[in-house]
Amino acid sequence: MAEISTTSHSGPARWLVVAVPYLWLLLFFAAPFLIILKISLSDTAIAMPPYTPVFDSFGTLGNFVSQLDLENYFFLAEDALYIQSYLSSLRMAFISTFLLLVIGYPMALAMARAPSRWRPTLVMLVILPFWTSFLIRVYAWIGILKPEGLLTVFLQTIGLMGPDEQVQVYRTDIAVFIGIVYSYLPFMVLPLYSALEKMDGTLLEAANDLGCPPLKAFWKITFPLSMPGVIAGSLICFIPIAGEFVIPDLLGGPDTLMIGKTLWTEFFGNRDWPLASAVAVLLLLVLVVPIMIFQKQQQKVG
Amino acid sequence: MKSARFDPVVLTLGFAFLYIPIIILVVYSFNASRLVTVWGGFSLQWYAAMWSNQGLMDAAWVTARVAVLSATIGTVFGTMAALALVRYSRFPGKTLFSGMIYAPLVMPEVITGLSLLLLFVAVNVDRGFWTVTIAHTTFTMCYVAIVVQSRLLTFDRSLEEAALDLGCPPVKTFFKITLPLILPAVLAGWMLAFTLSLDDLVIASFTTGPGATTLPIKIYSQVRLGVTPEINAICTILIALVTIGVVFASIASKRSELRRIRDEHVALRGSL
């Protein structure tokens, strides 16, 4: 009897557990991408919504195909501004990810080598800033980096800077790098830490006993073994940084070109929805390979 | 063993970098002077100013409602998704499903925001409170799914199997056995979802409409005009709320972890 009631109960409930989140994601995550693709192929119009629809119903499929045009994409390809901001975004994302690795790795290593009773507290200390608002953390840097800000005051007080000098960092790419490294550091440190923490310490002891210098042991043993963490951390940082908007907008200057900012301006400033969609589609195309690698890696873990 | 030495200097510098900007922000919210760089004595005037700023308070109320609602729905959906990922070895389109769970974690927010907005426009929905809530539910459920999934992967299924063997229906088994055991992860997922929703500027900017200005949108528009102590005050309150929440949650989860270990110990002794 129990068997029968089990199966009769499990049928619909079992099915629902998959179906509800699946349908939700199809509707609100996958479908929007098809729409964005569609609108990127339509014409700009001064109306609300500000584009002429190319696709009203399935009955007009032939009509639909004939109306599609790549005008927005040609426009993007012709205008150097867009190509430059794509390249500049990728360059900024590469440099930031490298800086994050250089700064995050020693931190993660120090955490993994800390006495084990301290480690949970250290992990929490890394996670805690992540819980506070992104916007607030970027905002905090404005007050520090402004020419008349706290960094200038500090450097003048300790005598490294004359009273007339000011820190000229705010509204430059350097400020953007500081903001990005600051905001994304927990995302880099945590995957590195979890890879390093699992490492078998006896390997290093063996290397040391056999006369391997510490630096060589690091490059021969520690670093290769932490590769999964390096890849995970780099992808988790690189992909969103390439489309970052808030940090370049608040800390960057007029010549800080990043594609997230360009998209935002096209959309909210120029109200050119089709062009903004085309920018988004191209950004997605650039990021699709790193996103797939990230998914493969996550699925292996999961 | 020289290479495996613990290095407190690196950690001190790293944590100083992470915390000093936040500490400065909090300290200057109590500054009597309007200038951000001059300390004019202790004062609570910016908290009073913030409190009487109706626009800011309205935005805070909208944000709180969006965050509670989207975190709750997102936690239910995310937990279901985690179960589907871990417990269902195979179902049609599982690769697509797990892809849709992992992709929003790294997807640039401008893309998610713009694509959702275009969906809402295409189906002709008035944008406002509900569209922001739907948008936040969509991306927060993926974070919840990851958090709950990692708990389910280390989950001892023998208790569940015992309940099923004794004739407990699967749905009841889930609510009586599985859910209480994964509850710390589910609650952690809810908290993460709540703070992510509280924090989001970009997706909310795209999907909101008249009358549903959230706090980050409000803060952003004021920050663009310059640094003001009033913003420091509201940021300090947000930081305090989140810190209290995280510390409480970690104490509670440590307690329940200890209790679980003790219970399992007792159960093991009893069975011997």
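The values are calculated or read from the model by the stated rules, or taken from the named source; none is laboratory data. Quick caveat: nothing in here was measured; it's all calculated off a predicted structure. Every residue, glycine as well, gets a Cβ built from its backbone with ideal geometry; the counts of neighbours run over all protein chains shown.
I'd like to verify a number: residues in region B:230-252 that are over 10 Å from B:V26 (Cα atoms) and not β-branched (V, I, T), how many? Explain how you work it out, then say what you get.
Here is the first cut: in region B:230-252, the ones over 10 Å from B:V26 (Cα atoms) are B:230-231, B:238, B:241-252.
Add one more test, that the residue is not β-branched (V, I, T), and what stays is B:230, B:238, B:241, B:245, B:248-250, B:252.
Qualifying residue count for the region: 8.
Within region B:110-129, being under 24 Å from the mean Cα position of the chain (by Cα) and within 7 Å of chain A (Cβ to nearest Cβ) holds for B:V110, B:I111, B:L114, B:S115, B:L116.
Residue-level analysis places B:G128 among those that are more than 30 Å from A:I241 (Cβ to Cβ), surrounded by fewer than 23 Cβ atoms within 10 Å (Cβ to Cβ), in contact (Cβ under 8 Å) with a residue 40 or more places away in the chain and of a type in the set (G, A, S).
When we screen B:F194, B:F174 for residues that are within 30 Å of B:R259 (Cα to Cα), surrounded by 22 or more Cβ atoms within 10 Å (Cβ to Cβ) and either in contact with a Pro (Cβ under 9 Å, 6 or more places away or on another chain) or not acidic (D, E) (or both), the only hit is B:F194. Residue count for region A:185-217, restricted to those that are surrounded by 16 or more Cβ atoms within 10 Å (Cβ to Cβ), modelled with pLDDT under 85 and assigned to a loop (DSSP other than H, G, I, E, B): 1. Against the test of being exposed (fewer than 13 other Cβ atoms within 10 Å of the Cβ) and modelled with pLDDT of 90 or more, the options A:L23, A:L90 yield a single qualifying residue, A:L23.
Select from region A:132-153 the residues that are β-branched (V, I, T), in a helix (DSSP H, G or I) and either facing chain B (nearest Cβ under 7 Å) or without any contact (Cβ under 8 Å) to a residue 60 or more places away in the chain (or both) and list them in ascending order. Answer for region A:132-153, where residues must be β-branched (V, I, T), in a helix (DSSP H, G or I) and either facing chain B (nearest Cβ under 7 Å) or without any contact (Cβ under 8 Å) to a residue 60 or more places away in the chain (or both): A:I136, A:I142, A:I144, A:T152, A:V153.
Region A:218-281 holds helices (runs of 4 or more DSSP H) entirely within its bounds, and those carrying 3 or more residues that are free of Cβ contacts under 8 Å to residues at least 60 places away in the same chain map to A:227-242. Scanning region B:193-209 for residues that are closer than 16 Å to B:G128 by Cβ and hydroxyl-bearing (S, T, Y) returns B:S197, B:S205, B:T207, B:T208.
Looking at this structure, is B:T37 polar (S, T, N, Q), closer than 26 Å to A:T132 by Cβ and modelled with pLDDT of 90 or more?
Details: polar (S, T, N, Q): yes; closer than 26 Å to A:T132 by Cβ: yes; modelled with pLDDT of 90 or more: no.
No; evaluated as a whole, the condition is false for this residue.
Considering region A:87-122 alone, what residues qualify as being among the polar types (S, T, N, Q) and in a helix (DSSP H, G or I)? Steps first, answer last, please.
Within region A:87-122, the subset among the polar types (S, T, N, Q) is A:88-89, A:96-97, A:116, A:121.
A:S88, A:S89, A:S96, A:T97, A:T121 - these are the residues of region A:87-122 that are among the polar types (S, T, N, Q) and in a helix (DSSP H, G or I).
With the condition kept exactly as written, say whether any residue in region B:147-160 is surrounded by 19 or more Cβ atoms within 10 Å (Cβ to Cβ), within 22 Å of the chain's Cα centre (by Cα) and facing chain A (nearest Cβ under 8 Å). Checked region B:147-160: at least one residue is surrounded by 19 or more Cβ atoms within 10 Å (Cβ to Cβ), within 22 Å of the chain's Cα centre (by Cα) and facing chain A (nearest Cβ under 8 Å). Of the residues making up region A:248-263, those that are farther than 14 Å from A:Y86 by Cα and surrounded by fewer than 24 Cβ atoms within 10 Å (Cβ to Cβ) are A:D249, A:L250, A:G252, A:G253, A:P254. Selection within region B:199-216: residues that are modelled with pLDDT of 90 or more and among the aliphatic types (A, V, I, L, M). The member of this set that is farthest from B:T79 (Cα to Cα) is B:L215.
So that you can scan it fast, the table gives a plain yes or no per residue for (1) at pLDDT 90 or above; (2) touching a His at 6+ places or on another chain (Cβ under 7 Å); (3) more than 7 Å from chain B (Cβ to nearest Cβ); (4) over 29 Å from A:I241 (Cβ atoms):
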position	(1), (2), (3), (4)
A:W15	no, no, yes, yes
A:Y51	no, no, yes, yes
A:I83	no, no, yes, no
A:F98	yes, no, yes, no
A:L109	yes, no, yes, no
A:L128	no, no, no, no
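Condition first: touching a Gly at 6+ places or on another chain (Cβ under 8 Å) and not aromatic (F, W, Y). Can you find one or more residues in region B:152-161 that meet it? Among the residues of region B:152-161, at least one is touching a Gly at 6+ places or on another chain (Cβ under 8 Å) and not aromatic (F, W, Y), which makes the answer yes. Condition first: in contact with a Ser or Thr (Cβ under 6 Å, 6 or more places away or on another chain) and not acidic (D, E). Can you find one or more residues in region B:205-214 that meet it? The answer is yes; a qualifying residue exists. Looking at region A:245-262, is at least one residue in contact with a Pro (Cβ under 6 Å, 6 or more places away or on another chain) and away from every other protein chain (no Cβ under 11 Å)? Checked against the condition, which is being in contact with a Pro (Cβ under 6 Å, 6 or more places away or on another chain) and away from every other protein chain (no Cβ under 11 Å), region A:245-262 yields at least one hit.
Does B:T137 satisfy the criteria of being surrounded by 23 or more Cβ atoms within 10 Å (Cβ to Cβ) and within 11 Å of chain A (Cβ to nearest Cβ)? Walk me through it before giving the result.
Numbers: surrounded by 23 or more Cβ atoms within 10 Å (Cβ to Cβ): yes; within 11 Å of chain A (Cβ to nearest Cβ): yes.
Criteria met by B:T137.
Go through region B:5-29 and count every residue that is in a loop (DSSP other than H, G, I, E, B) and either within 8 Å of another protein chain (Cβ to nearest Cβ) or more than 15 Å from A:L150 (Cβ to Cβ) (or both).
The first filter runs over region B:5-29 and keeps only residues in a loop (DSSP other than H, G, I, E, B), leaving B:5-7, B:29.
Narrowing further to those that are either within 8 Å of another protein chain (Cβ to nearest Cβ) or more than 15 Å from A:L150 (Cβ to Cβ) (or both): B:5-7.
The number of residues fulfilling the criteria is 3.
Within region A:154-168, if we keep just the residues that are surrounded by fewer than 19 Cβ atoms within 10 Å (Cβ to Cβ) and within 21 Å of B:V27 (Cβ to Cβ), the residue that is farthest from the other protein chains (Cβ to nearest Cβ) turns out to be A:I158.
Out of all the residues in region A:220-231, is one or more within 21 Å of A:S96 (Cα to Cα) and touching a Pro at 6+ places or on another chain (Cβ under 6 Å)?
Within region A:220-231, the subset within 21 Å of A:S96 (Cα to Cα) is A:223, A:226-231.
Pick out the ones that are also touching a Pro at 6+ places or on another chain (Cβ under 6 Å) and you get A:229.
The answer is yes; a qualifying residue exists.
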